[in-house]
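Please read the structure below before turning to the comments.
The values are calculated or read from the model by the stated rules, or taken from the named source; none is laboratory data. Quantities reported herein were computed from a predicted structural model and do not represent experimental measurements. Counting neighbours? That spans all protein chains shown, and the Cβs are built from the backbone with ideal geometry, glycine included. Note: areas computed on protein heavy atoms with side chains; ligands, DNA, RNA excluded. Shrake-Rupley method; radii C 1.70, N 1.55, O 1.52, S 1.80 Å.
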Amino acid sequence: MDILTLFVVIPVLTVVALVFSKGIKQHRVVALIGFIIQTLMSFNLIYQYLHERAAGNHDVMVFTKDVMWFAPMNIHYAIGVDGISVLMILLTSIIVLTGIFISWKVDDLPKEFFISLIVLASGVYGFFISVDLFTMFVFYEIAVIPMYLLIGIWGSGPREYAAMKLTIMLMGASALLLVGILGVYFNSNADGGALTFNIFEIAKVNIPVDAQKLFFPFLFIGFAVIGALFPFHTWSPDGHASAPTAVSMLHAGVLMKLGGYGIFRVAMYVMPAGAHYWANFFMVLAVIGVFYGALAAIKQKDLKYINAYSSVSHLGLVLLGLLMMNEIAWKGAMLQSLSHGFITALFFAMIGVIYGRTHTRIVTKMSGLLNVIPVAGALYVIAGMANLGLPGFSGFVAEMNIFVGAFQHADTFHRVITILAVSSIVVTAVYILRVVGMMLMGPTTPEFKNLPKISWYEKTGTYILVLFIVLIGVFPFWWGGIITDSIGPFIEKILTF
Amino acid sequence: MDLNSLMLMRHELILTLLILILLIVDIVFTGENKKKVSYIAVALFALYTLISFLPLKEGTLFGGMFETNKMISSFKNILNIGVLLISLLSINWLHNKTLKHQKVGEFFILLFASLLGMFFLISSRNFLMLYVSLELSTLPVTALAAYDIYSRKSSEAGIKLILSAAISSGIFLFGISFIYAAGGSLYFHDLVGSIGHSYLSIAGLIMFFAGLAFKISLVPFHFWTADVYEGAPTPVSNYLSVISKSAAVFILMITLFVTFRELIDIWTPILYGLSILTMFIGNFFALRQQNLKRFLAFSSVAQAGFVMMGMLAANQLAVATVIYFMAIYIFSNIGAFGVIQVVETKSGKLNIDDYNGFYRTNPNLALVLMLSLFSLAGIPPIAGFFGKFFLYTSAASKGYYLLVFIAVVNVTISLYYYLLVVRAAFLRTSDNPIPYFKNDALTRIGLIIVVVSLFLIGLYSPLYDYINSVVNVLNI
Amino acid sequence: MLAFSTMSQIGYMMLALGVSGYGGHEGLGFMAGIFHLFTHAMFKALLFLGAGAIIHAVHSNYMQDMGGLRKYMPITHITFLIAALAISGIPPFAGFFSKDEILAAAFEHNFPVFVIGYIVAGMTAFYMFRLYFRIFWWNEPDYKHKPHEAPKTMTIPLLILAFMSIFSGFIPFDEFVSPDNKPFHSHIDWTLAGLSIGIGVIGILAALLFYKKEKDLSQRFRYAFGDFYKWTYNKFYIDDIYFFVTKTIIFKYISSSFAWFDRHIVDGTMNGIGNGTVWISTKIKKLQSGSVQDYAMFFVSGVLIIILIVWFSINY
């Protein structure tokens, strides 16, 4: 079994083990073991990957494997990873692992909860290792559907509504994606040769420019909906607000990253002409998302809504970085994907921790929590500081790269876009500090005088996340280096087409 | 014509023999022993299904009226498996106390007789043969629809079906007479190239099409579907929704692609339009159904729209994907109907709201239901996804991107109502849920086969490869 | 108070950069700016830490609650004094050198700027010493707890910074920093230096006069300046403008309307698509009447309509 397929096989085995385990303790332990294995595998993958690169392997994708699946349509199970996907896999494994810790206390249908979580994770892993559009699409949908059950069964508030809305909107997006994929597929023989779903085979072909212009928006929007592109982001606040903590973490931390990754790897890579043609249009939407998400976050009262809008804003930066069409901005966008993944997961984890104690997420109803649960409060502040781009944390590195990349365009249009995007940072500071000020500082609300301390599993989960946030912030070049190594083919294809 | 060439219709012969055996068995067993008839029927049918997988020669019989080849026999095998599953699942309903086991034998005899009709239908290469076998397949089903003599709805369903079918047959025959007038023959192969673009031939084509569209439940020929599915006993609705529909789709495909290839510019826009109409109408009606059988009826209407989309390409890919999709669809729908039927038999509940909290009392059944519905909705890694994806591919191969787009929009709508059922069964809790009950072994075997197939047909690609290999569009 | 002072000092550095131009001997301003940044870091850190120690001691942020602290906190007192002297530009403390160089640079290039800088230097001295006298001399308020010297963890950094504030001015900064990375030599123009020391001393004396003891002199002075004092007291209302902009405009109008827009227009559209689908579904439900005659009618008319459409489309 090759090193990548294991990422799909191990979750399946974990599911089987879960089905046969009895009692909540066994379920927890089995799920935890499964995810620890996956985390170790992802570390090993990074190690192997770096080893491979150090050994002089300069293929675009390493650890590739290609098995014919549906021969009549030339559909392959084709996998491989580059630096970007390796880091995304690491992100996924870490967040799922911490998610398990945070949802240690799930007691309603725990087995089903963990199974859904695992199916979701395996979909995400599969997505990141896929090189074949068909395989990728399959895994994408596998990742989306468990969300319905996860939010619907274990969520809170208007969970049925939120779950339905999220699923329908994301599936609607995948409908667009499908049209785009078929459009690419049937143009993949433009230079003669067979029809193919393989991204790198397609990339060798010059898809007719008209077809690129037609199908790029399908692929872009299809991926961008899950990346919360304005105005298709509305599933995200409701979905996040209703989802249980681990699911919010996983969803905002990982699932929403499929969007940016897909746009970069598929939409822009196979259709560079389309990307250049549409870049400015989507850039406007992205910057609206950035600014608008931040402003909308200020006024929210529910912690999860604040964070959901913040995600809209920060993922808008990812899209913006991608559309800026240069190396630094791309690097920034990928770093932002990573960094936002960790940060937002930490955020949602802390919201879960606070909510688990106060049973409210309304900011105005809480005050002075720092006195009662100092560790949780401090972690919340760390998440906030990282989110608003304080140097030393990951957010700063990522956003800095995006803005530096953005400023390389000297024309007025890009300047205006960039300035708007940069100014959103200020707004970010406002909504973060506002919450910190209202909720953590000041006199403690009387009914919250005696909240239980943060427990070991919550600590474990959140400390891991903080560790990674700091690691990216302090060693940006290590992470950036892995990404930069893999951006070469993109530059070659997209910028010099 | 010697005995050897008669073996070309092995499926039909064995099935006829089986029906005859059952007639005798039905007389032999009386009273409480009647129950055993059903076991014998299922056992014999299972044996027959296995035998039918033996390789078969290709050739024609009766002066070219009857043809069999690998594609046709493979499709017959698929139908066999479908009927076997329906039979397996129907036993728990047949042994239900209210039916008093009086007519257990009849049920299977009629079921198999109808299947026999289907087999002749898909093998026929002559319009008269086509008509006769269509009637042979329809009449037993109308009797089956009215099978539950204690239920007024069942009788209503029977009457509605036979009346609608009569109108449909009338128009169908009228169309055939036009075609004869235009082409001077009733043989498919003679008609190739001799139909011509006359008003007569076009009208004939459309009337003929309407007759088959009635079986497939394309809008606007679908109105009987919901009422009959709702009223008829659930195994019969199940049969109507999968076997009857698949056979009609198959023969429609052959006639359109071969006989009417000349008129491709006529029937392509018709298929295009009806496909969109069928998807939308089916989905819009399904959205607000409370009764699960009506719900599945409209869902199956919408599915027919997708099949039409796949047929548009009119090439090898289209035939292969449509057959593949129908095979998957058979399993998905049998799964969904099977669960509903079990629940209806055990608790009498049939509304979506009754399913609130279903997972917490009957997790396995709820899972089967969910997987079947997800397969219908086209969610990977369940087979339905692959079927749908290939249909899109087939349509997109001829550049029908707009239609594909409309179809995926419809898939999203359909996902909504499939999720409504999942919502009831999984998300909600109820003070008065469907109580836990144990299923008999046959039902369990049936549902397990369904679930395994739902995963296998999609993920295990050699099945598709096989279908693709037996399809030879020039040779249909 | 200290934060405002920082703003003023940063303004100074910007001023220095502004008058510097680039290259050559004109690098004086550039060098001075960086130099001031460096020295400022020393004594401003000292001031903040001192303030921290004081706040720690009296448990209050407000000057009203302080006074006469020199007796209780001698180390803090001395270090704070050093910092204040440094920031006022009194030799030999660090601030003198750097500030002097900025002023020299300004003098060479732009006289009005020099004048402003000069006056500001005086004001700096004044407000720093106002703070100093107000905290360490002034009448003692009624302390609830007796103030005490800060713990060692606080005083040791204070001492180190004080040391730096005294001597960092002697670092030959011009050796290290210049716009073109070539060292050049600056020298102290004692006329200018004298002037700037003078204004510093004047400021300090004025503060001494007003704030050493609680007198009504400062009150009278306040009346004399009237509106200007009020404006300055309210920090030129800049905070209020900020508050107005953030609280009222951004919070209340912009972001509320964005939030509303998102929930109702954008999300409303998305939900509207869903509800529209359901609405259509309700509307067309009547088609399915349940009567076979209707079905037959639909069937036959369906066939006819298709035939007619096809015939017409062939002909036209």
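Can you find even one residue in the range B:86-100 that is of a type in the set (Ser, Thr, Tyr), more than 14 Å from chain C (Cβ to nearest Cβ) and open to solvent by less than 10 Å² (accessible area, probe 1.4 Å)?
We begin by selecting, within the range B:86-100, every residue of a type in the set (Ser, Thr, Tyr); these are B:87, B:90, B:98.
Checking which are more than 14 Å from chain C (Cβ to nearest Cβ) leaves us with B:87, B:90, B:98.
Now drop any that are not open to solvent by less than 10 Å² (accessible area, probe 1.4 Å), which leaves B:87, B:90.
Checking the range B:86-100: at least one residue is of a type in the set (Ser, Thr, Tyr), more than 14 Å from chain C (Cβ to nearest Cβ) and open to solvent by less than 10 Å² (accessible area, probe 1.4 Å).
Restricted to the range B:139-221, the set of helices (runs of 4 or more DSSP H) holding at least 3 residues that are under 22 Å from residue B:263 (Cα atoms) and either within 13 Å of chain C (Cβ to nearest Cβ) or among the aliphatic types (A, V, I, L, M) (or both) comprises B:152-183, B:199-216. Taking every residue in the range A:4-21 that is in contact (Cβ under 8 Å) with a residue 40 or more places away in the chain and assigned to a helix (DSSP H, G or I) and pairing it with any residue that is open to solvent by 10 Å² or more (accessible area, probe 1.4 Å) and polar (S, T, N, Q), at least 6 positions away or on another chain, the pairs with Cβ-Cβ distances below 6 Å are A:8/A:122; A:11/A:122. Taking (1) closer than 26 Å to residue B:87 by Cβ; (2) within 11 Å of chain A (Cβ to nearest Cβ); (3) in contact with a strand residue (DSSP E or B) (Cβ under 9 Å, 6 or more places away or on another chain) in turn, residue B:366 satisfies each apart from (3). Considering A:200, A:186, A:128, A:216, the condition of being facing chain B (nearest Cβ under 9 Å) and of a type in the set (Phe, Trp, Tyr) is satisfied by A:186 alone. Of the helices (runs of 4 or more DSSP H) lying entirely inside the range B:395-476, those containing at least 3 residues that are more than 9 Å from chain A (Cβ to nearest Cβ) and without any contact (Cβ under 8 Å) to a residue 12 or more places away in the chain are B:441-459. Here is a check on your reading of the model: is residue B:272 open to solvent by 10 Å² or more (accessible area, probe 1.4 Å), over 30 Å from residue B:81 (Cβ atoms), away from chain C (no Cβ under 14 Å) and not β-branched (Val, Ile, Thr)? In short, no.
For the range A:60-97, which residues satisfy the criterion of being without any contact (Cβ under 8 Å) to a residue 12 or more places away in the chain and assigned to a helix (DSSP H, G or I)? Matches in the range A:60-97: A:71, A:72. Being in a helix (DSSP H, G or I) and at pLDDT 90 or above is the requirement here; does residue B:258 meet it? No.
Considering only the range A:140-167, how many residues are at the interface with another protein chain (Cβ under 8 Å from one of its Cβ atoms) and in contact (Cβ under 8 Å) with a residue 60 or more places away in the chain? Give the derivation first.
Kept after step one, since they are at the interface with another protein chain (Cβ under 8 Å from one of its Cβ atoms), are these residues of the range A:140-167: A:141-142, A:145, A:148-149, A:152-153, A:159-160, A:163-165, A:167.
Narrowing the set further to residues that are in contact (Cβ under 8 Å) with a residue 60 or more places away in the chain leaves A:159, A:163, A:165.
Residues flagged as at the interface with another protein chain (Cβ under 8 Å from one of its Cβ atoms) and in contact (Cβ under 8 Å) with a residue 60 or more places away in the chain within the range A:140-167 amount to 3.
Residue B:381 meets the conditions (1) closer than 19 Å to residue B:426 by Cα; (2) within 14 Å of chain A (Cβ to nearest Cβ); (3) open to solvent by 10 Å² or more (accessible area, probe 1.4 Å); (4) not aliphatic (A, V, I, L, M) in every case but one. The failed one is (1). For the range A:25-63, a tally of residues being among the acidic types (Asp, Glu) and either touching a Leu at 6+ places or on another chain (Cβ under 6 Å) or under 29 Å from residue A:104 (Cβ atoms) (or both) returns 0. State all residues of the range A:170-183 that are in contact with a Ser or Thr (Cβ under 9 Å, 6 or more places away or on another chain), within 7 Å of another protein chain (Cβ to nearest Cβ) and in contact (Cβ under 8 Å) with a residue 12 or more places away in the chain; if no residue qualifies, say none. Result: A:171, A:172, A:175. Per the listing A:298, A:351, the residue uniquely open to solvent by less than 10 Å² (accessible area, probe 1.4 Å), within 19 Å of residue A:460 (Cα to Cα) and in contact (Cβ under 8 Å) with a residue 40 or more places away in the chain is A:351. Every test in (1) outside any helix (DSSP H, G or I); (2) touching a residue at least 40 places away in the same chain (Cβ under 8 Å) is passed by residue B:379 save one, and that test is (2).
Between B:249, B:236, the distinction of being closer than 27 Å to residue C:291 by Cβ and either in a helix (DSSP H, G or I) or of a type in the set (S, T, N, Q) (or both) belongs to B:236 only.
Among the residues making up the range B:169-206, those that are surrounded by fewer than 16 Cβ atoms within 10 Å (Cβ to Cβ) and in contact (Cβ under 8 Å) with a residue 60 or more places away in the chain are B:189, B:192, B:193, B:196, B:197. In the set (1) under 28 Å from residue B:467 (Cβ atoms); (2) modelled with pLDDT of 90 or more, residue B:228 fails one condition alone, (1).
Taking the criterion of being under 30 Å from residue A:186 (Cβ atoms) and either assigned to a loop (DSSP other than H, G, I, E, B) or of a type in the set (Phe, Trp, Tyr) (or both), would at least one residue in the range A:36-59 satisfy it? Yes, because at least one residue in the range A:36-59 is under 30 Å from residue A:186 (Cβ atoms) and either assigned to a loop (DSSP other than H, G, I, E, B) or of a type in the set (Phe, Trp, Tyr) (or both). The set of residues from the range B:285-338 being buried (at least 24 other Cβ atoms within 10 Å of the Cβ), within 14 Å of chain C (Cβ to nearest Cβ) and among the aliphatic types (A, V, I, L, M) comprises B:286, B:297, B:301, B:302, B:308.
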